[in-house]
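These notes concern the structure reproduced below.
The values are calculated or read from the model by the stated rules, or taken from the named source; none is laboratory data. In this text the structure is predicted, and so the values were computed from the model without any measurement. As a convention, Cβ positions derive from the backbone with ideal geometry for all residues, glycine included, and neighbour counts pool all protein chains shown.
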Amino acid sequence: MEVKKNDNVNLEKRKGIFFQLGMITALAACLIAFEWTTGERGDNPFDTGNDEIIEEDIIPITEMEQQQPEIPPEIPKVAEIFEIVEDDVVIENEILFEDDETSFDDEVQMYEFVVTDEVEEEEEEIFVVVEDMPTFRGGDVNKFREWVQNRVKYPQIAAENGIQGKVFIMFVVEPDGSVSNVQVTRGVDPALDNEAIQVVQDSPKWAPGRQRGAPVRVRFSITVNFQLQ
């Protein structure tokens, strides 16, 4: 049996009309929502209600007055008064130069300055290398270094503190064979330095060095080794 539909109740024919009505209804609802207000406008908490116009003060433009330069006061002129003196007037103001302290009969003492020339003794030149070098007990400077090394005593304070090293000593052998100008060129500790200087100063006399047959001063340098065992 075939089902028959009534055209009056067929909704498919009115689908377009329903769609347009729906669109119109939605658009109207949007317009009403935009225009809808919930009530009167509330007062603004930041609005003081005083709409007063603030007038700006007009500052007048003033021109700087130019200061006139100060005029220095006039110096009064002193009028010179000349008195005319007649030639017959005798001037009694006579100046007498008297000197009671000196006279021509007094003896004048003359002092003679004697200039003496001070002759400074020039220090003799110190050589490093000469024709005949100084010798110590038949040996050279190494012989003297061994002599010093055998006679130095280790200072107790340096030994307790574990101080050791090499002390560099410089000295001069004089023309008479004595040792002078003993000084430390590079030290380790004051205790070790003083011990090395003392031993070198106690050196016996050397055979002096000679340059062209004449005894001269010769400089030497040695090292004294302090080492704990």
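Taking the stated definitions as given, is Phe226 out of contact with any Asp or Glu (no Cβ under 9 Å at 6 or more places or on another chain) and surrounded by 15 or more Cβ atoms within 10 Å (Cβ to Cβ)?
No: the conditions fail for Phe226.
Among Arg137, Arg145, which is charged (D, E, K, R) and modelled with pLDDT under 95?
It is Arg137.
Give the residues of region 201-223 that are among the polar types (S, T, N, Q) and either surrounded by fewer than 14 Cβ atoms within 10 Å (Cβ to Cβ) or within 44 Å of the chain's Cα centre (by Cα) (or both), sorted by residue number.
Gln201, Ser221, Thr223
Determine, yes or no, whether Asp176 is touching a helix residue (DSSP H, G or I) at 6+ places or on another chain (Cβ under 8 Å) and of a type outside the set (Phe, Trp, Tyr).
no
If you scan region 156-177, which residues turn out to be within 30 Å of Arg217 (Cβ to Cβ) and within 40 Å of the chain's Cα centre (by Cα)?
Gly165, Lys166, Val167, Phe168, Ile169, Met170, Phe171
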